[in-house]
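The values are calculated or read from the model by the stated rules, or taken from the named source; none is laboratory data. All of these numbers come straight from a predicted model, not from anything done at the bench. Using ideal geometry, Cβ is built from the backbone for each residue, glycine included, and neighbour counts are taken over all protein chains shown.
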Amino acid sequence: MKQLLSEIRDCTLCEKHLPLGPRPIIEASKNSKILLISQAPGRVVHESGVAWKDQSGKKLREWLGVDEDTFYDTENFAILPMGFCYPGKGKTGDLPPRPECAPTWHEFVLSKLKNVELKILIGAYSNSYYLDNTHKNLTERVRHFETYLPEYWPLPHPSPVNRFWRSKNPWFEQEVVPILQKRIQEFIG
């Protein structure tokens, strides 16, 4: 696993497309219990080099019901973005993750993760990549999360940009998040 993570962190596959240059962000241990498959690091994370060390990460940890020490313990959580580097700014948020990363690296990482008990898919990109079209959109996937268990758990992205989605879908934080927190504690408690 250490060799693979080193290779990914040295990747320059899409360097010419990255406004701030490559800085692949990934965290994992061969013993990780929960895999977080997310979008791509934002500018703040790119600058710090620490995954989810931003407002989105704060909200995600709240949803998971864990503190920073628990979250950043790779024996608990592996972090595997769809795109490993900051893709740049778009009109209403960051650009989509670079399309090269997941097909190039995900299978290699997944083959090394032997103890993962749950894969949490964060945001539309990871949900679309890993889940079938049983439910037509992210909201329906999140609403019917049980359909994808025990392997996957679809979530919206915790970005502040998604605050409107959360306000339109209060059932998520009222009903789904407590169930998610209970499941997380079963794995890492």
So which of G57, G65 ends up being closer than 25 Å to N115 by Cβ and crowded, with 21+ Cβ neighbours inside 10 Å? G57
Residue list for the range 100-115, filter: surrounded by fewer than 18 Cβ atoms within 10 Å (Cβ to Cβ) and either free of Cβ contacts under 8 Å to residues at least 40 places away in the same chain or under 15 Å from the mean Cα position of the chain (by Cα) (or both): P103, H106, E107, L110, S111
Which residue, of I8, I37, is under 23 Å from R163 (Cβ atoms), outside any loop (DSSP other than H, G, I, E, B) and out of contact with any His (no Cβ under 6 Å at 6 or more places or on another chain)? I37
In the range 9-36, which residues are small (G, A, S) and either more than 30 Å from I184 (Cα to Cα) or touching a helix residue (DSSP H, G or I) at 6+ places or on another chain (Cβ under 8 Å) (or both)? G21, A28
What are the residues in the range 121-164 that are small (G, A, S), surrounded by 19 or more Cβ atoms within 10 Å (Cβ to Cβ) and assigned to a helix (DSSP H, G or I), if any? S126
Is it the case, given these coordinates, that Y129 is in contact with a helix residue (DSSP H, G or I) (Cβ under 9 Å, 6 or more places away or on another chain), hydroxyl-bearing (S, T, Y) and either under 24 Å from E62 (Cα atoms) or at pLDDT below 95 (or both)? no
Within the range 64-89, the residues that are over 18 Å from P22 (Cα atoms), more than 13 Å from the chain's Cα centre (by Cα) and not in a loop (DSSP other than H, G, I, E, B) are E68, D69, T70
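For (1) in contact (Cβ under 8 Å) with a residue 12 or more places away in the chain; (2) over 19 Å from L113 (Cβ atoms); (3) surrounded by 16 or more Cβ atoms within 10 Å (Cβ to Cβ); (4) not small (G, A, S), each residue gets a yes or a no:
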residue	(1), (2), (3), (4)
S6	no, no, no, no
E15	no, yes, no, yes
A51	yes, no, yes, no
F77	yes, no, yes, yes
L80	yes, no, yes, yes
Y86	yes, yes, yes, yes
R98	yes, yes, yes, yes
